[in-house]
């Protein structure tokens with residue numbers, strides 16, 4: 001069974017540009033989560049999808065961040081326009097409904113210059 | 001928002017030594033989890049704890065769910081070089097059915113051969 005995959009692995013952009021991150025969860029996992037780790041701090045929750053619906057988006061920092069999961073399979077997280085403080089590692093995790101263990105992808109390392 | 005206080009932030013030990021790290025919170029958690037992150041990878045689940053007072057082992061790793069549901073510790077015995085990485089505690093709040101994880105700041109472990 002393939003694990004959670006994320007693309008790209010690294011992204012370096014300039015302030016004001018747009019970046020789109022992609023996450024492919026494990027097949028059959030209805031629950032998809034986005035998290036972010038900034039500058040060696042804790043990993044922080046951003047939002048949670050159940051299939052294509054946003055279950056909890058309480059962790060989204062502001063309206064420059066837009067997450068989608070059309071069709072309930074892969075998800076994208078777009079940052080527009082990017083700011084310096086958006087730099088960090090963005091993780092995606094997935095799990096089946098009723099299962100507590102979340103499986104994490106390798107992350108996308110975003111650097112905004 | 002909810003916070004987990006994880007300590008120590010970093011540890012430098014000699015191969016063969018035992019390691020102990022812990023997490024505390026002012027909130028009650030339903031589940032405590034311990035993850036390890038290797039460089040360039042995403043967090044991988046080491047141990048999951050579901051009951052207050054539960055003590056669980058996974059090889060050289062032992063973790064306990066505090067009886068107050070507000071703390072947990074992880075012990076690693078007889079450390080080896082491949083134990084190097086960042087260890088995160090994470091909890092799921094009692095009232096949150098969506099399953100989002102609250103993470104500690106991480107403990108960076110370095111093992112000298």
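The values are calculated or read from the model by the stated rules, or taken from the named source; none is laboratory data. All values reported here derive from a predicted model rather than from experimental measurement. Here the Cβ positions follow ideal geometry from the backbone for every residue, glycine too, while neighbour counts run over all protein chains shown.
Which one is nearest to the chain's Cα centre (by Cα), of the residues in the stretch A:95-113 that are assigned to a strand (DSSP E or B) and either crowded, with 19+ Cβ neighbours inside 10 Å or facing chain B (nearest Cβ under 9 Å) (or both)?
Top of the filtered list is A:108.
Within the stretch B:30-57, take every residue that is more than 30 Å from residue A:8 (Cα to Cα) and facing another protein chain (nearest Cβ under 8 Å) and give me the one that is surrounded by the most Cβ atoms within 10 Å (Cβ to Cβ).
Here is the first cut: in the stretch B:30-57, the ones more than 30 Å from residue A:8 (Cα to Cα) are B:30-32, B:49-57.
In the following step, the residues that additionally are facing another protein chain (nearest Cβ under 8 Å) were identified as B:31, B:50.
On the way: B:31: 20, B:50: 13.
Among residues in the stretch B:30-57 that are more than 30 Å from residue A:8 (Cα to Cα) and facing another protein chain (nearest Cβ under 8 Å), the one surrounded by the most Cβ atoms within 10 Å (Cβ to Cβ) is B:31.
Go through (1) closer than 21 Å to residue A:42 by Cβ; (2) more than 13 Å from chain A (Cβ to nearest Cβ) and name the single condition residue B:62 misses.
(1)
Give B:72, B:27 a once-over and let me know the one that is closer than 25 Å to residue A:48 by Cβ, more than 13 Å from chain A (Cβ to nearest Cβ) and under 11 Å from the mean Cα position of the chain (by Cα).
Result: B:72 is the single residue among B:72, B:27 that is closer than 25 Å to residue A:48 by Cβ, more than 13 Å from chain A (Cβ to nearest Cβ) and under 11 Å from the mean Cα position of the chain (by Cα).
Inspect the stretch A:35-50 for any residue being under 22 Å from residue B:46 (Cα atoms) and out of contact with any strand residue (DSSP E or B) (no Cβ under 6 Å at 6 or more places or on another chain) and give the result as yes or no. Even if it seems obvious, please write down each step before you answer.
Start the filter on the stretch A:35-50 by keeping residues that are under 22 Å from residue B:46 (Cα atoms), which leaves A:35-37, A:40-45.
Next cut, out of contact with any strand residue (DSSP E or B) (no Cβ under 6 Å at 6 or more places or on another chain) only: A:40-41.
Taking every residue of the stretch A:35-50 in turn, at least one turns out to be under 22 Å from residue B:46 (Cα atoms) and out of contact with any strand residue (DSSP E or B) (no Cβ under 6 Å at 6 or more places or on another chain).
Each row is one residue, and each column tells you yes or no for (1) at positive phi; (2) surrounded by fewer than 21 Cβ atoms within 10 Å (Cβ to Cβ); (3) at pLDDT below 95; (4) part of a helix (DSSP H, G or I).
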{"position": "A:16", "(1), (2), (3), (4)": "yes, yes, no, no"}
{"position": "A:71", "(1), (2), (3), (4)": "yes, yes, yes, yes"}
{"position": "A:82", "(1), (2), (3), (4)": "no, no, no, no"}
{"position": "A:93", "(1), (2), (3), (4)": "no, no, no, no"}
